[in-house]
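> Mind having a look at this structure? Questions to follow.
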Amino acid sequence: MRRRVAEPIRRIARSTRAFRISGHGPLLVVLLLALAAALPLFANPGLLNTRGGGDSPFLLQRVQQLSAALGDGHFPVRWMPDANYGYGYPFFHYYAPLSIYVAAFFRFLGASYVVAIRFAQLAGFLLAAAATYALARRWFHSAAAGVLAAAAYTLAPFHLVNVYARGDSLAEFWAMAFYPLVFLAAERLLTAAGSGRLPAAAFLALSYAGLMISHNISALIFSPFLLLFLAVRLLRHPEPRRTLLLAAAALAWGLALAAWFWLPALAETGLAQTGPVTSGYFHYAAHFRSADLVQPALLFSYDVLDGAAFRMGLVQALLVIAGLLVLLLTAARLITKTGPGRGKGSPAALTPTLALFVLFSLALATLMITPLSRFLWDRVPLLPYTQFPWRFLSVQAFFGALVAAALVRLPYRRWWLPPLLLLLLIAALGDLKPDYLPLRDDDITPARLAEYEWFSGNIGTTVSAEYLPHAVQPRPYSSAWLTRGERDSARVLKGEAAVALVERQATRQRWAVSSGEQGATLLLPTLYWPGWQATLDGASLPLQAAPGSGLITVDIPPGDHQLAIHLAATPLRTAAEALS
């Protein structure tokens with residue numbers, strides 16, 4: 001009898017030891033922390049409402065419009081067919097769309113719009129936590145360091161602010177998931193040998209491309225840190241030239257993979273009214289942090305009315321300072337023993353080279369948030385498009401989490417590490433007061449979303465309507481669809497004609513036109529944007545933008561005709577897509 005009872009116990013013990021040794025236990029802790037961070041999203045069946053500091057309903061419009069465009073065969077999606085009060089809007093041409101594709105993926109699997117958005121946010125939490133764990137474990141040679149770094153990053157206030165205060169910032173939130181992934185890929189490339197070099201280069205290329213199509217601004221501010229890391233590591237690499245060429249090829253590969261998005265968006269910026277993006281409220285000069293960089297309370301406040309949410313948390317700051325002290329002492333000892341840059345490290349310790357890089361990057365990211373960096377903001381090209389210096393809180397949170405991981409060098413960590421993880425959870429979520437919007441899928445229709453545009457005054461989920469073509473002067477505030485219910489009604493500007501819509505898809509329309517003896521000039525209820533083409537009875541027909549409204553106008557000869565318009569790729573977009 002004893003043998004029967006003891007044998008299962010011994011088996012359980014052996015399996016537990018194997019589980020612990022294999023490293024899955026710490027990773028499971030990390031994933032549970034990520035689930036805890038996402039738990040408030042699932043506390044209510046409604047959509048998380050962040051209208052005070054972000055417009056979470058924007059996500060509904062983005063997911064619905066992207067899903068509709070994909071369903072009509074428009075890929076890669078560049079056009080919101082029902083935005084701009086029904087006239088259409090080139091939102092996805094300029095706004096990095098990866099996170100919306102992730103939500104649309106869950107939507108196509110059968111999830112509701114609200115659940116699809118939640119799953120996309122949850123996936124971002126899990127990816128950020130797992131990648132940070134893998135990177136810190138590799139650099140510190142310690143699973144405990146991986147757990148602490150992942151916890152510090154996952155629960156970093158700005159990481160959570162992008163979900164719980166800036167609800168429409170799913171793109172920026174997903175970019176933060178790619179920060180550790182890109183560094184992990186770069187580290188693997190630097191240490192790869194033989195046949196492992198090509199997969200390592202592919203991993204870096206895919207990760208870097210993912211960052212660029214997650215959030216273009218985050219890619220802009222994070223890329224210099226990646227380049228600095230590669231330069232620092234290559235200085236003492238045993239094969240610097242070969243590895244440099246491989247790293248350059250991998251980054252070029254990543255640029256090519258993402259070229260379908262960033263190349264047209266950058267080259268065709270002049271087609272849109274992007275001036276307001278860097279002026280007025282959105283000018284960086286009004287958003288620096290100095291003495292108010294850190295919140296003074298234990299529980300982080302998500303209040304955005306005074307900008308309090310766009311700061312470091314007190315526990316986060318204290319954790320970084322403590323890790324900083326440990327890291328400096330450890331690096332000093334290693335340098336003293338082995339000489340600068342030649343230390344091999346020790347358990348739970350970064351090499352001196354990595355330690356100095358992480359410390360410098362943390363200092364630089366912090367500097368960019370403060371007025372001390374004003375001279376850089378005034379001179380560095382494209383940097384003003386970042387708009388808010390506190391966006392560097394994302395980069396600071398990443399390097400701060402790696403600095404905090406140095407605390408595992410302290411003794412008795414099995415006693416203090418669990419309470420510290422609990423403290424991070426409490427400080428990050430203890431003062432969270434989520435609000436929810438009760439919504440069903442039948443509430444989320446193009447007509448209702450157009451009404452939300454009218455209510456909020458934001459065209460196509462952009463506050464300044466910055467993606468409207470220059471022909472649109474002044475910007476619209478309503479449409480015949482909203483005021484008279486005329487969704488598919490073309491106007492006759494000149495002559496006489498009877499016009500009826502035959503078919504409408506996201507980027508295609510067919511109209512039946514019967515014009516009088518003098519012909520007619522039609523105004524179609526669709527915004528003109530380079531790429532729109534027209535055919536009349538199968539033959540090419542010129543079209544143009546109407547002054548003021550910017551809608552498509554075409555001249556129709558006398559008789560009965562079939563008019564078709566479709567959004568085609570311009571030569572630049574075709575080349576960029578072919579490159580990718």
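> What number of residues in the stretch 81-98 are in a helix (DSSP H, G or I) and touching a Gly at 6+ places or on another chain (Cβ under 7 Å)?
3
> Moving on to the next point. Report yes if some residue within the stretch 509-523 is at pLDDT below 95, surrounded by fewer than 20 Cβ atoms within 10 Å (Cβ to Cβ) and closer than 26 Å to residue 456 by Cβ; otherwise report no.
No, the stretch 509-523 contains no residue that is at pLDDT below 95, surrounded by fewer than 20 Cβ atoms within 10 Å (Cβ to Cβ) and closer than 26 Å to residue 456 by Cβ.
> Go through the stretch 61-77 and give me each residue that's open to solvent by 10 Å² or more (accessible area, probe 1.4 Å) and of a type outside the set (Gly, Ala, Ser).
64, 70, 72, 74, 75, 76
> Here's another thing I want to ask about it. Could you give every pair whose Cβ atoms fall below 9 Å, whose first residue belongs to the stretch 109-126 and is more than 19 Å from residue 158 (Cβ to Cβ), and whose second residue is charged (D, E, K, R) and open to solvent by less than 30 Å² (accessible area, probe 1.4 Å), counting only separations of at least 6 or pairs across chains?
111/118
> On the given criteria, is residue 477 in contact (Cβ under 8 Å) with a residue 12 or more places away in the chain and more than 20 Å from residue 551 (Cβ to Cβ)?
no
> Among the residues of the stretch 422-434, count how many are surrounded by fewer than 19 Cβ atoms within 10 Å (Cβ to Cβ) and either hydroxyl-bearing (Ser, Thr, Tyr) or in a helix (DSSP H, G or I) (or both). Even if it seems obvious, please write down each step before you answer.
Keep residues of the stretch 422-434 that are surrounded by fewer than 19 Cβ atoms within 10 Å (Cβ to Cβ), which gives 422-423, 425-426, 430-434.
Keeping just the survivors that are either hydroxyl-bearing (Ser, Thr, Tyr) or in a helix (DSSP H, G or I) (or both) gives 422-423, 425-426.
Number satisfying all stated conditions: 4.
> Go through the stretch 480-510 and report how many residues are in a strand (DSSP E or B), more than 16 Å from residue 535 (Cα to Cα) and either among the aromatic types (Phe, Trp, Tyr) or in contact (Cβ under 8 Å) with a residue 24 or more places away in the chain (or both).
Residues meeting the conditions: 7.
> Please go through the stretch 225-245 and pick out each residue that is surrounded by 19 or more Cβ atoms within 10 Å (Cβ to Cβ) and over 23 Å from the mean Cα position of the chain (by Cα).
230, 233, 243
> Considering each residue of the stretch 538-569, count those that are in contact with a Gly (Cβ under 9 Å, 6 or more places away or on another chain) and under 21 Å from residue 498 (Cβ atoms), and give that number.
7
> What are the residues in the stretch 338-367 that are among the small types (Gly, Ala, Ser), modelled with pLDDT of 95 or more and open to solvent by 20 Å² or more (accessible area, probe 1.4 Å), if any?
363
> Another one. I'm told residue 467 meets every condition in (1) in a strand (DSSP E or B); (2) surrounded by 15 or more Cβ atoms within 10 Å (Cβ to Cβ); (3) not hydrophobic (A, V, I, L, M, F, W, C) except one. Can you identify the failing condition by its number?
Going through the list (1) in a strand (DSSP E or B); (2) surrounded by 15 or more Cβ atoms within 10 Å (Cβ to Cβ); (3) not hydrophobic (A, V, I, L, M, F, W, C), residue 467 breaks only (1).
> Give just the number: which of (1) small (Gly, Ala, Ser); (2) at pLDDT 95 or above; (3) not in a helix (DSSP H, G or I) does residue 167 not satisfy?
(2)
> Pairs please, first residue from the stretch 273-291 and loosely packed, with under 12 Cβ neighbours inside 10 Å, second anywhere and at pLDDT 95 or above and of a type in the set (A, V, I, L, M), Cβ atoms under 6 Å, 6+ apart in sequence or on different chains.
none
> Regarding the stretch 368-377, can at least one residue be identified that is at pLDDT below 95, open to solvent by 60 Å² or more (accessible area, probe 1.4 Å) and in a helix (DSSP H, G or I)?
no
> Now for a different question. Being open to solvent by less than 10 Å² (accessible area, probe 1.4 Å), in contact with a Gly (Cβ under 6 Å, 6 or more places away or on another chain) and part of a helix (DSSP H, G or I) is the requirement here; does residue 125 meet it? Outline the logic, then answer.
Numbers: open to solvent by less than 10 Å² (accessible area, probe 1.4 Å): yes; in contact with a Gly (Cβ under 6 Å, 6 or more places away or on another chain): no; part of a helix (DSSP H, G or I): yes.
Considered against the rule, which asks whether it is open to solvent by less than 10 Å² (accessible area, probe 1.4 Å), in contact with a Gly (Cβ under 6 Å, 6 or more places away or on another chain) and part of a helix (DSSP H, G or I), residue 125 comes out as no.
> Does residue 448 qualify as being closer than 30 Å to residue 304 by Cβ, among the basic types (Lys, Arg) and not in a loop (DSSP other than H, G, I, E, B)?
Taking the combined requirement at face value, the residue satisfies it.
Matching residues to (1) hydrophobic (A, V, I, L, M, F, W, C); (2) out of contact with any helix residue (DSSP H, G or I) (no Cβ under 9 Å at 6 or more places or on another chain); (3) within 16 Å of residue 465 (Cα to Cα):
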residue: 62; (1), (2), (3): no, no, yes
residue: 66; (1), (2), (3): yes, no, no
residue: 83; (1), (2), (3): yes, no, yes
residue: 87; (1), (2), (3): no, no, yes
residue: 108; (1), (2), (3): yes, no, no
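> Then there is this: If you go through the stretch 534-566 one residue at a time, how many are within 18 Å of residue 488 (Cα to Cα), open to solvent by 40 Å² or more (accessible area, probe 1.4 Å) and part of a strand (DSSP E or B)?
2
> Here is a further query. Which residues, taken from the stretch 90-108, are hydrophobic (A, V, I, L, M, F, W, C), free of Cβ contacts under 8 Å to residues at least 60 places away in the same chain and open to solvent by 10 Å² or more (accessible area, probe 1.4 Å)? If you could, list the steps in order and put the result at the bottom.
If we filter the stretch 90-108 for residues that are hydrophobic (A, V, I, L, M, F, W, C), which is where we start, we get 91-92, 96, 98, 100, 102-106, 108.
Now narrow it down to the ones that are free of Cβ contacts under 8 Å to residues at least 60 places away in the same chain: 92, 104-106, 108.
Answer for the stretch 90-108, where residues must be hydrophobic (A, V, I, L, M, F, W, C), free of Cβ contacts under 8 Å to residues at least 60 places away in the same chain and open to solvent by 10 Å² or more (accessible area, probe 1.4 Å): 105, 106, 108.
> Can you say whether residue 335 is at pLDDT 95 or above and hydrophobic (A, V, I, L, M, F, W, C), as far as the supplied structure shows?
Answer is no for this residue.
> Kindly indicate whether any position in the stretch 373-380 is in contact with a Ser or Thr (Cβ under 6 Å, 6 or more places away or on another chain) and free of Cβ contacts under 8 Å to residues at least 24 places away in the same chain. Write out each step before concluding.
Restricting attention to the stretch 373-380, the residues satisfying the condition of being in contact with a Ser or Thr (Cβ under 6 Å, 6 or more places away or on another chain) are none.
No, every residue in the stretch 373-380 fails to be in contact with a Ser or Thr (Cβ under 6 Å, 6 or more places away or on another chain) and free of Cβ contacts under 8 Å to residues at least 24 places away in the same chain.
> Among 203, 183, 222, which is open to solvent by less than 10 Å² (accessible area, probe 1.4 Å), hydrophobic (A, V, I, L, M, F, W, C) and over 30 Å from residue 49 (Cβ atoms)?
So the residue among 203, 183, 222 that is open to solvent by less than 10 Å² (accessible area, probe 1.4 Å), hydrophobic (A, V, I, L, M, F, W, C) and over 30 Å from residue 49 (Cβ atoms) is 183.
> Does residue 265 satisfy the condition of being among the small types (Gly, Ala, Ser), touching a strand residue (DSSP E or B) at 6+ places or on another chain (Cβ under 9 Å) and surrounded by 13 or more Cβ atoms within 10 Å (Cβ to Cβ)?
No.
> Does the stretch 430-439 contain at least one residue that is touching a residue at least 24 places away in the same chain (Cβ under 8 Å), of a type in the set (Gly, Ala, Ser) and over 15 Å from residue 60 (Cβ atoms)?
Yes, the conditions are met somewhere in the stretch 430-439.
> If you don't mind, another one. Which residue is farthest from residue 54 (Cα to Cα), if the candidates are limited to the stretch 443-464 and must be of a type in the set (Gly, Ala, Ser) and crowded, with 21+ Cβ neighbours inside 10 Å? Lay out the reasoning, then the answer.
Here is the first cut: in the stretch 443-464, the ones of a type in the set (Gly, Ala, Ser) are 447, 450, 456-457, 460, 464.
This time we only want the ones that are crowded, with 21+ Cβ neighbours inside 10 Å, so: 450, 460.
Values: 450: 18, 460: 15 Å.
The selected residue is 450.
> Can you tell which of 518, 509 is out of contact with any helix residue (DSSP H, G or I) (no Cβ under 7 Å at 6 or more places or on another chain) and either more than 18 Å from residue 558 (Cα to Cα) or among the hydroxyl-bearing types (Ser, Thr, Tyr) (or both)?
Numbers: 518 fails: either more than 18 Å from residue 558 (Cα to Cα) or among the hydroxyl-bearing types (Ser, Thr, Tyr) (or both).
Exactly one residue qualifies, and that residue is 509.
> Does residue 193 satisfy the criteria of being out of contact with any strand residue (DSSP E or B) (no Cβ under 9 Å at 6 or more places or on another chain), in contact (Cβ under 8 Å) with a residue 40 or more places away in the chain and of a type in the set (Gly, Ala, Ser)?
In short, no.
The values are calculated or read from the model by the stated rules, or taken from the named source; none is laboratory data. For clarity, every value in this text was computed on a predicted model and none was experimentally measured. Virtual Cβ from ideal backbone geometry, glycine too; neighbours counted across all protein chains shown. When the accessible area is computed, the model is the full protein with side chains, heavy atoms only, and any ligands, DNA or RNA have been set aside. Shrake-Rupley method; radii C 1.70, N 1.55, O 1.52, S 1.80 Å.
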